Amino acid sequence: MNMASASPDNKSGQSAETRKILVWDIPIRVFHWLMAGCFAGAWLTAESESLRLLHVTLGYTMCGLVAFRIVWGILGTRYARFSTFVRGPKAVARYVGSMLRGQPEHHIGHNPAGALAIVALLGLTLVVTGSGWANYNDIAGKWLEKTHAAAANVMLAVVIVHILGVLVSSWLHAENLVGAMIKGRKPGRPEDGIRSAWRSVAVLMLAAVVGFWWLQWQDAPTGDGFGDFQTISMKFRDDDRDED
């Protein structure tokens, strides 16, 4: 998940020569919103036995998305690469201090605090999905179920902090960071923008996700997850016919 911005290349703020440049490629943006939607859906279906398979499918999807993000963080575009935004504790402390003073350092890509949230969310996703998979397959006892729930709660807390950070950063930087994660553009010097949005990679990622969902739907047994959802939908349609 992407938070307010970071790049070691431009920390001096915006100049009169800045304009809207392409910062976030399409794979990063698709990844961000898919992760957000999957986490929200998995959280809302966590206690539902009838939607258990939907919950599990969304969790597996998040795990696959993290795998993609790790690869793209190594091979992707300039501001997607971990090497351009992951920094140590001193950089995080310096950035948070500048935020508290009301004079935040300006970064084109992820800022150090946002980078910390990204790494935390990626790691927590692996813990949540790994413990969820083991729990779903009855590999361990109650302790793993508690670990799964605890990790999910910590992840929710990080997500909330992430959202608050985006709002505060948007206000202090006078930038629409949510809009930037939709359109991919932020104010900056023309030479600092990325050259390609890599639409083809985003299409392949979406195709992989939709294909996985389709397979899960096809393999869903009656009485679990999607099967129950289909049964409930058919029941509602039969009730409507009876009323007519």
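Pairs are defined by a Cβ separation below 7 Å, a sequence spacing of at least 6 or placement on different chains, a first member in segment 86-111 that is under 15 Å from Gly165 (Cβ atoms) and without any contact (Cβ under 8 Å) to a residue 60 or more places away in the chain, and a second member that is of a type in the set (D, E, K, R) and not in a strand (DSSP E or B); the pairs so defined are Tyr95/Glu105; Ser98/Glu105. Residues that are buried (at least 18 other Cβ atoms within 10 Å of the Cβ), of a type in the set (A, V, I, L, M, F, W, C) and more than 22 Å from the chain's Cα centre (by Cα) within segment 77-105 comprise Ala91, Met99, listed in sequence order. Applying the selection to segment 106-125, what residues are within 28 Å of Ala42 (Cα to Cα), of a type in the set (A, V, I, L, M) and buried (at least 16 other Cβ atoms within 10 Å of the Cβ)? Listed by number, the residues that qualify are Ala113, Ala115, Leu116, Ala117, Ile118, Ala120, Leu121, Leu122, Leu124. Quick one: what pairs do we get from segment 166-187, first residue on the phi > 0 side of the Ramachandran plot, second assigned to a loop (DSSP other than H, G, I, E, B), C-beta under 7 Å, 6+ apart or different chains? Correct list of pairs: Gly184/Val23; Gly184/Trp24; Gly184/Asp25; Gly184/Ala197. Candidates in segment 150-165 are the residues that are in contact (Cβ under 8 Å) with a residue 60 or more places away in the chain and under 14 Å from Gly130 (Cβ atoms); of these, the one that is nearest to the chain's Cα centre (by Cα) is Met155.
Bear in mind that the values in this text are calculations on the coordinates, not laboratory data. What you are looking at is a predicted structure, and each value in this text was computed from that prediction instead of being measured. In this analysis, Cβ positions are derived from the backbone assuming ideal geometry, glycine residues included, and neighbour counts consider all displayed protein chains.
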